[in-house]
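Below: one structure, written as structure tokens.
The values are calculated or read from the model by the stated rules, or taken from the named source; none is laboratory data. Fair warning: this is a prediction, and the values are worked out from it, not measured in the lab. Cβ coordinates were reconstructed from backbone atoms using ideal geometry, including for glycine residues, and neighbour counts include every protein chain displayed.
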Amino acid sequence: MPLAPPATLTPTKATAFSDCPFAFRRSVIDGVRTPPTRPLAVGTLVHAALEDFYRREPDRRSEAALNEAVDTAVRAAACDDELGAYVAELDDRERAALYRSITTLSRTILDLEDPARVRAIGTELRLEATIEGVHVRGVIDRLDLDDEGDLVVVDYKTGRTPPPSHQDARLGGVLTYALLVSVLFGRVPRLVRLVYLGDGSVIERAPSAQMLRGVATRLRALWHAIERACDREDFPPRPSRLCGSCPHRDVCPAMGAAR
């Protein structure tokens, strides 16, 4: 019996299917939940802190306010079942190290821009639209207006900048956000910006209408591939360097598990 495809396509799902169809099936189609990891906990809490920070009035975005936003995010983690359970299992040393990482990564934003000058018109902005027959959804970390009144899509990354040969491949998600903005707002963003908080680097690109049409075409092709995989129940593993940290490796045929 054919499997039901997901209701929407997000950048995360698109990356997951491209990286490994087998892991995609486990997490997206079968809904197998995996426990939070340290990188996931750090990323979630840094994003929550920066969301809180940039929702404040520009003249209230001080370093003290950012520290307060970090504290608020960490306290709120206790209300999340999975994240709260993860933090609760840490010992005092591990919990302190986690807090330092979140604080350090969040503070990096102060070295990269003057928060008082940022005109954020949306944080954790949820957008969705049907594009070329595909229901696309995404959550934009921050949508800004620049000094000329043009739109800028900002995406935070808590890791380090990839080497130049891999940078364009990392733009798929933020360009999908730009596509959603162009469809829903009727304006192509002037810039997409990846902010790497791990080393304080920024990658920017100026998307064009033609570039975004290419993004839409790739999303449609990927969606059709997902539909075919669901129809055939065929999600082969794709071994790569990601296998070492994959939570599904114990049941993966590529790792020796029986089908």
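Summary table below
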{"quantity": "Matching residues, the range 132-173, being touching a residue at least 60 places away in the same chain (Cβ under 8 Å) and either over 20 Å from the mean Cα position of the chain (by Cα) or assigned to a helix (DSSP H, G or I) (or both)", "calculated": "GLU132, GLY133, GLY172, GLY173"}
{"quantity": "Residue that is farthest from MET255 (Cα to Cα) [pool: residues in the range 33-50 that are β-branched (Val, Ile, Thr) and modelled with pLDDT under 95]", "calculated": "THR37"}
{"quantity": "Listing of helices (runs of 4 or more DSSP H) fully contained in the range 11-99 that carry 3 or more residues being closer than 27 Å to ARG218 by Cα", "calculated": "11-19, 21-24"}
{"quantity": "Failed criterion for ASP81 (all others in (1) without any contact (Cβ under 8 Å) to a residue 60 or more places away in the chain; (2) buried (at least 16 other Cβ atoms within 10 Å of the Cβ) hold)", "calculated": "(2)"}
{"quantity": "Qualifying residue in the range 244-253 (condition: without any contact (Cβ under 8 Å) to a residue 24 or more places away in the chain, assigned to a helix (DSSP H, G or I) and of a type in the set (Asp, Glu))", "calculated": "yes"}
{"quantity": "Residues located in the range 215-259, provided they are farther than 18 Å from ALA14 by Cα and β-branched (Val, Ile, Thr)", "calculated": "VAL251"}
{"quantity": "Top-ranked residue of the range 41-78 - restricted to ones that are surrounded by fewer than 19 Cβ atoms within 10 Å (Cβ to Cβ) and of a type in the set (Lys, Arg), ranked as farthest from the chain's Cα centre (by Cα)", "calculated": "ARG60"}
{"quantity": "Where a residue in the range 94-120 is closer than 17 Å to ALA64 by Cα and its partner, wherever it lies, is modelled with pLDDT under 95 and crowded, with 18+ Cβ neighbours inside 10 Å, with Cβ under 8 Å and at least six apart", "calculated": "TYR99/VAL74; ILE102/VAL74"}
{"quantity": "Residue list for the range 127-171, filter: more than 29 Å from ARG56 (Cα to Cα) and among the small types (Gly, Ala, Ser)", "calculated": "GLY133, SER165, ALA169"}
